[in-house]
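S.K.: I am attaching a structure below and will ask some questions about it afterwards.
The values are calculated or read from the model by the stated rules, or taken from the named source; none is laboratory data. Given the structure is predicted, the values throughout are model-derived calculations rather than measurements. Don't worry about glycine lacking a Cβ; one is built from the backbone with ideal geometry, like all the others, and counts go over all protein chains shown. These accessible areas exclude ligands, DNA and RNA; they are computed on the full protein's heavy atoms, side chains included. Shrake-Rupley method; radii C 1.70, N 1.55, O 1.52, S 1.80 Å.
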Amino acid sequence: MMTTNLDRRSILRGAVAGGAVAGLSGLLPAWAQTGSAGLRADLPTLTGPNVDLTVGHSPFTVGGRTGHAITINGVLPAPLIRLREGQNVRLSVANGLDEDTSIHWHGLLVPFQMDGVPGVSFPGIKARETFVYEFPIRQSGTFWYHSHSNLQEAMGHYGPIVIDPAGTDPIAYDREHVLVLSDWSFMHPHEILDKLKKSPGYFNRSRTTLSGLISGEDGMSLEERRMWGQMRMDPRDIADVNGSTYTYLINGHGPQENWTGLFRPGERVRLRIINASAMSIFNVRIPGLAMTVVNADGENVRPVEIDEFQISVAETYDVVVRPMNDRAYTLVAESVDRSGMARATLAPRPDMTAEVPPLREVPTLTMRDMGMGGMAGMDHSAMGHGGMDHSGMGHGGPAAAPVDHAAMGHGGMDHDMRNPDNAPAGMAVGVGVDMISSDPANRLGERPMGLEDVPHRVLVYTDLVSLAPNKDQRPPSRALEIHLTGNMERFMWGFDGRKFSEIVEPIRFERNERVRVTLVNDTMMAHPIHLHGHFFELVTGGPAGHQPLKHTVNVAPGSKVTFDLTADAPGDWAFHCHMLMHMHAGMFNVVTVRPMDGAAS
Amino acid sequence: MPAQPSTADPHAGHDMPTTAPSQSDPHAGHDMSTMSPSQADPHAGHDMSTMNMGPPDVPTSADDEGRPRQPPLPPAALSGPAHAADAIWGADQMSGARDVLRRENGDVRATAVIVDRLEVGFDDGEEGWAWDVAGWTGGDINRFWWKSEGEGDFDGEAEGEVQALYSRAISPFWDVQAGVRQDFRENGEDPTHLVLGLQGLAPYWWEVDAAAFLSTEGDLTARVEAEYDQRVTQRLILQPRVEVEASASDVPELGLGSGFTHVEAGVRLRYEIAKEFAPYVGVEWSRELGDTADFTRAAGGEPEHTRFVIGLKAWF
């Protein structure tokens with residue numbers, strides 16, 4: 001069944017007349033309206049073999065203020081597209097803008113020419129033109145779609161995709177809700193980028209101060225402060241753009257609008273959580289409710305029960321919760337730098353609320369975030385606040401003695417912080433590289449930033465175990481190292497020291513080649529790295545043959561992440577940081593998989 | 001320690017191999033793992049089936065210093081068309097889109113105007129005003145900079161300078177700048193200079209602007225300015241600032257003696273109403289040195305001043 005625009009609008013009007021929050025709901029699909037009973041077949045979801053989407057301008061209101069959004073079919077987030085594994089889909093995208101647009105189907109395995117990246121997969125969709133995407137649906141799970149043109153994604157051009165499995169869903173649930181997390185600013189994204197170019201700390205309102213030093217609130221000693229200053233690095237540079245300009249949204253609702261999803265006590269509720277933010281990593285929890293993670297990036301994982309998880313930009317997590325009591329629960333998605341939160345409520349009835357916990361303490365970067373983590377081990381409880389664990393600095397074994405950092409601060413530091421010998425020969429160590437990790441740690445088993453010391457269970461990447469066995473269990477035939485590089489002071493970002501605009505060599509794979517790729521983060525910021533057209537297997541050290549599949553992985557500051565990739569999709573694919581401003585500033589490249597036809601030799 | 005996540009593992013009870021994936025790697029000879037997971041695992045010997053022993057530590061260049069080369073590509077990876085999409089959409093269409101893609105992924109241009117100091121000064125009943133403004137336009141590496149600074153009184157007299165510079169980033173924190181400087185002086189001496197400078201961020205967050213000036217008369221002078229932002233709170237910022245000038249020779253027509261000619265030290269306390277807009281109050285001490293001070297005294301001036309200033313720092 002295909003729902004036309006007209007039908008959908010009339011259904012929306014019906015929903016408004018039916019008592020949903022007037023004024024707001026006009027710009028929200030029904031599943032995203034507050035008081036939603038969840039995803040049901042009778043809700044106006046775009047489904048069937050033909051889907052029509054129109055990109056255009058719309059006003060968007062949040063917190064009593066109205067701004068300019070770029071939307072699909074006039075709603076923010078864009079309509080839910082619900083498909084079934086095994087079907088074919090034709091998606092007609094009409095561009096009602098005066099500029100080019102595009103839609104990338106994030107996480108969907110499609111022929112490269114349907115992947116929606118202008119200049120890589122296709123020429124883009126010109127103003128006032130319509131482009132028809134057509135491809136078979138080969139997978140199931142929670143995905144999303146968004147513009148890959150200019151910075152339109154930061155202005156509302158994103159929406160969820162749910163694909164039902166062809167057979168029985170191994171995940172048992174009684175009700176489901178989609179939660180699209182995002183960050184909305186009334187400042188145009190180009191202006192945001194312009195501010196960052198002129199003043200990289202522009203949005204940071206939590207920098208270290210003299211009063212914070214004296215009162216101890218900064219949690220840093222004078223010596224540590226001196227060392228950070230010596231390096232010209234900001235230990236509070238957690239998020240480039242944050243709550244000082246962003247209103248964090250859940251399904252298009254700000255914290256005050258309080259999107260509410262309904263449940264009946266005792267039901268198993270599947271929450272499909274998508275981080276469609278431009279620049280925001282969230283820590284998600286529901287105080288009073290344990291969450292069982294069942295799916296990550298659209299791929300089923302062995303169930304793991306936790307109390308909080310971090311979701312980086314472009315990741316998706318499905319969790320199942322089972323609220324037993326007749327009470328409301330607050331879902332908190334706190335920005336990683338604690339400058340704000342998105343908030344929603346799960347409740348048996350509309351208009352019920354639960355306590356909203358206050359924002360927690362701002363995290364402070366440590367030596368591990370500067371790539372001096374090494375083998376310091378799993379005990380990071382000491383790392384949270386000013387823990388200066390330098391064991392491993394000497395590139396030696398786990399037993400390396402702690403290094404006197406006072407001695408390092410003088411002279412040696414500059415060299416160690418940016419020693420080209422710590423990078424492969426092909427890396428350009430120039431203006432765009434302000435640091436090279438001297439001893440990057442694999443932090444997949446560590447709690448994410450800011451959650452080191454919280455007194456409850458936190459998801460770590462090594463908890464993820466693919467439910468299905470990995471399809472390709474050949475050992476990798478080649479190792480590849482890619483450095484994530486940047487210059488915070490100039491807001492330059494790139495791979496291996498180069499911005500994409502510098503006309504870089506693509507990252508080349510042979511078709512069906514199996515490669516062990518290690519990403520080394522030479523910056524003090526997290527980078528959610530996304531590879532189009534493929535799922536890679538995170539090398540977590542978990543059960544053999546069940547490495548978790550991801551389309552996007554968050555590479556913690558100063559750390560390294562290893563994944564195994566079977567390059568089985570011929571064509572050209574985008575590979576980039578999903579922090580939109582980092583991508584726009586250069587952290588982007590093209591991955592080629594050749595030959596185009598015929599099996600690899 | 002916080003509780004560990006419990007894993008509801010369908011394979012609980014099975015035996016899990018304690019070898020990390022990397023150990024079955026064909027690069028085993030390359031020492032792909034300097035730490036076998038079992039060594040780091042305090043639970044070695046327990047049933048591992050529900051527990052992850054931590055990710056293998058796959059070595060990188062940092063473990064193999066000296067800029068190691070990456071393994072070569074399989075030849076087939078280099079086969080086929082340079083751009084896969086050309087065969088489907090046409091090279092013409094794709095080439096334009098690729099240009100846009102390149103621009104939109106790294107080629108960010110910006111233009112800034114920086115009013116570092118725009119202030120009124122009070123010195124024993126004498127009032128004056130001063131400006132120090134600059135701006136730039138360009139990308140990350142190459143920029144055009146202009147700078148102007150000077151001072152005047154409220155009788156309409158003013159003197160100062162304007163610089164036009166090509167600026168090139170040479171390291172993460174430093175730009176080299178070259179161009180011309182035109183002075184405007186009350187006494188009609190309006191020398192033009194060639195400028196060679198270094199501007200950037202020194203350790204401990206000191207913003208430094210150092211330049212040498214060669215005038216059309218052949219006189220060589222130099223100036224170094226440095227300022228630092230000490231945040232007292234998120235909005236209240238104390239900014240110490242020093243400036244030192246020197247001359248290679250005596251230049252009587254400009255009132256300069258050889259050696260250090262001028263030193264200035266000030267401190268300004270500003271309040272950022274917005275990050276772009278911050279009024280301030282401050283005090284600045286300045287002194288002319290050596291023969292330069294004598295030239296000033298001979299002209300009936302004071303070589304040393306202490307001024308109270310009120311001003312505005314802004315940028316856009």
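S.K.: Name the residues whose placed amide hydrogens come within less than 5 Å of the amide hydrogen of A:Val51, ignoring near sequence neighbours (fewer than 5 apart) on the same chain.
M.R.: When sequence neighbours closer than 5 places are left aside, the close amide H contacts are A:Arg90, A:Leu91, A:Ser92.
S.K.: Let me ask something else about it. Take each of the peptides B:248-260, A:157-169, average the number of other beta-carbon atoms within 10 Å over its residues, and list them starting from the highest.
M.R.: Numbers: B:248-260: 16.8, A:157-169: 20.0.
Output ranking for B:248-260, A:157-169: A:157-169, B:248-260.
S.K.: Helix-derived [θ] at 222 nm for chain A: sum -39500 (n - 2.57) over DSSP H runs of at least 4, divide by residue count, nearest 500? Before the final figure, lay out each step's value.
M.R.: Working: 7 runs with 55 residues, N = 601.
Rounded to the nearest 500, it is -2500 deg cm²/dmol.
S.K.: State log₁₀ I(q)/I(0) for segment A:461-594 at q = 0.12, 0.13, 0.16, 0.18 Å⁻¹ as given by the Debye formula over alpha-carbon point scatterers of equal weight, solvent excluded.
M.R.: Here the Debye-derived log intensity ratios amount to -0.44, -0.52, -0.78, -0.98.
S.K.: So who's got an amide H within less than 5 Å of the one on B:His262, skipping anything under 5 residues away but keeping other chains? H placed 1.01 Å off N, in plane.
M.R.: Under 5 Å from the amide H of B:His262 lie the amide H atoms of B:Glu245, B:Leu289, each far enough along the sequence or on another chain.
S.K.: Just to make sure I understand: if all protein chains stay in place, what is the order of A:Phe588, B:Phe316 by accessible area at 1.4 Å, largest first?
M.R.: Order by accessible area, largest first: B:Phe316, A:Phe588.
S.K.: Taking 0.36 nm per residue of separation and subtracting the Cα-Cα distance, what length does fully extending B:Asp124 through B:Phe154 add?
M.R.: Details: separation 30, 0.36 × 30 = 10.80 nm, distance 1.51 nm.
So the extension gain works out to 9.3 nm.
S.K.: Under 8 Å for C-alpha pairs, at least 6 residues apart: give me the relative contact order for segment A:461-594, rounded to a whole percent. All intermediate terms of the calculation are to be shown ahead of the outcome.
M.R.: On the way: 324 pairs, mean separation 43.4, N = 134.
It comes to 32 percent, rounded to a whole number.
S.K.: Using Cα pairs closer than 8 Å and at least 6 residues apart in sequence, work out the relative contact order for segment B:157-316, in percent. Spell out each step's value before the answer.
M.R.: Values: 386 pairs, mean separation 19.8, N = 160.
Computed value for segment B:157-316: 12 percent relative contact order.
S.K.: Hey, could you get me the Stokes-Einstein D for segment A:419-528, Kirkwood radius over alpha-carbon pairs, 37 °C and 0.692 mPa s, rounded to whole µm² s⁻¹?
M.R.: Numbers: Rh = 16.5 Å.
It diffuses with D of about 199 µm²/s by this estimate.
S.K.: Moving on. Need one number: buried accessible surface between chains B and A, 1.4 Å probe, both sides summed, DNA, RNA and ligands left out, in Å² to 100.
M.R.: Details: alone 20440 and 21790 Å², together 33440 Å².
So the buried area, both faces added, is about 8800 Å².
S.K.: Same structure again: Restricting to the protein assembly as shown, compute how many DSSP beta bridges are antiparallel as a %, nearest 5.
M.R.: Details: 217 of 256 bridges.
Here the antiparallel bridges make up roughly 85 percent for the protein assembly as shown.
S.K.: Let me ask something else about it. With each label point set 7 Å from Cα along the Cα-Cβ vector, what nm distance links B:Trp206 and A:Gln473?
M.R.: 6.2 nm
S.K.: Any idea how far apart B:Thr233 and B:Ile273 come out in nm if each label point goes 7 Å out from Cα toward Cβ?
M.R.: 1.7 nm
S.K.: Alpha carbons only, please: Rg and Dmax for segment B:169-315, in angstrom.
M.R.: When restricted to the Cα atoms of segment B:169-315, Rg and Dmax are 17.2, 48 Å.
S.K.: Counting partner chain Cβ atoms within 10 Å of every residue's Cβ in A:476-484, what's the average?
M.R.: On the way: counts 7, 5, 8, 11, 3, 9, 1, 2, 0.
Other-chain Cβ atoms within 10 Å of each residue's Cβ, averaged: 5.
S.K.: Along each of its three principal axes, how wide is the spread of alpha-carbon positions in segment A:222-374, in whole angstrom units, largest first?
M.R.: 57, 35, 26
S.K.: Which whole-percent values make up P(r) of chain A when all C-alpha to C-alpha distances are grouped in 10 Å steps starting at zero?
M.R.: Result returned by the calculation: 3, 17, 29, 28, 16, 5, 1, 0.
S.K.: Evaluate peptide A:421-429: per residue, the Cβ atoms of other protein chains within 10 Å of its Cβ; return the mean as an integer. If you can, show how the numbers build up before the last one.
M.R.: Numbers: counts 7, 8, 6, 7, 6, 3, 3, 0, 2.
Per-residue shielding by partner chains comes out at 5.
S.K.: Take peptides A:178-189, A:518-529, A:262-273 and line them up by average Cβ neighbours within 10 Å, highest first, as a rough protection proxy.
M.R.: On the way: A:178-189: 22.3, A:518-529: 25.4, A:262-273: 19.1.
Answer by packing, highest mean first, reads A:518-529, A:178-189, A:262-273.
S.K.: List the trypsin sites (Lys or Arg not before Pro) in segment A:114-204 that DSSP assigns to loop (not H, G, I, E or B) and whose Cβ has at most 16 other Cβ atoms within 10 Å. Which are they?
M.R.: Details: sites: A:Lys126, A:Arg128, A:Arg138, A:Arg175, A:Lys195, A:Lys197, A:Lys198; in loops: A:Lys126, A:Arg128, A:Arg138.
Answer in residue order: A:Lys126, A:Arg128, A:Arg138.
S.K.: Tell me the per residue accessible area of segment B:140-199 using a 1.4 Å probe; a whole number in Å² is fine.
M.R.: On the way: 3020 Å² over 60 residues.
About 50 Å² of surface per residue is accessible.
S.K.: Could you give me the ³J(HN,Hα) list for segment A:182-188, computed from phi with Karplus coefficients 6.51, -1.76, 1.60 and θ = phi - 60°, whole Hz, x at Gly and Pro?
M.R.: 7, 10, 10, 10, 7, 8, 4
S.K.: Considering every residue in A:434-443, what mean count of other chain Cβ atoms within 10 Å of its Cβ is obtained? Walk me through the numbers on the way to the answer.
M.R.: On the way: counts 3, 1, 2, 3, 2, 3, 5, 2, 7, 1.
Taking the mean over all residues of the peptide, I get 3.
S.K.: Calculate I(q)/I(0) for segment A:526-584 by the Debye formula, one identical point scatterer on each C-alpha and no solvent, and give its log10 at q = 0.13, 0.19, 0.24 Å⁻¹ to two decimals.
M.R.: For segment A:526-584, the Cα-only Debye profile gives -0.37, -0.74, -1.05.
S.K.: Further question: Only protein chains counted, 1.4 angstrom probe. Which residues of segment A:97-112 are at least 20 Å² less accessible in the assembly than when their chain is isolated?
M.R.: A:Phe112
S.K.: Relative to the present Cα-Cα distance, how much length would full extension add between B:Trp146 and B:Glu253 at 0.36 nm per residue of separation?
M.R.: Details: separation 107, 0.36 × 107 = 38.52 nm, distance 2.63 nm.
This chain segment gains 35.9 nm when fully extended.
S.K.: Determine Rg/Rh for segment B:160-250; Rg is computed over alpha-carbon atoms and Rh is the Kirkwood hydrodynamic estimate from the same atoms. Before the final figure, lay out the partial values.
M.R.: Values: Rg = 15.4 Å, Rh = 14.7 Å.
Rg/Rh for segment B:160-250 comes to 1.05.
S.K.: Going by amide H atoms built from the backbone, whose H comes under 5 Å of the H on A:His148, apart from near neighbours?
M.R.: Amide H neighbours of A:His148, under 5 Å, 5+ apart: A:Ser102, A:Ile103, A:His104.
S.K.: Moving to a separate point now. Explain nothing, just compute: Karplus ³J(HN,Hα) = 6.51 cos²θ - 1.76 cosθ + 1.60, θ = phi - 60°, for every residue of segment A:121-127 in order, whole Hz, x for Gly and Pro.
M.R.: Values, residue by residue: 9, 7, x, x, 10, 5, 3 Hz.
S.K.: For segment A:463-479, just list the computed ³J(HN,Hα) in residue order, Karplus coefficients 6.51, -1.76 and 1.60, θ = phi - 60°, integers in Hz, with x standing in for Gly and Pro.
M.R.: So the J values, rounded to whole Hz, are 6, 7, 10, 4, 5, 8, x, 5, 5, 10, 10, 5, x, x, 9, 7, 10.
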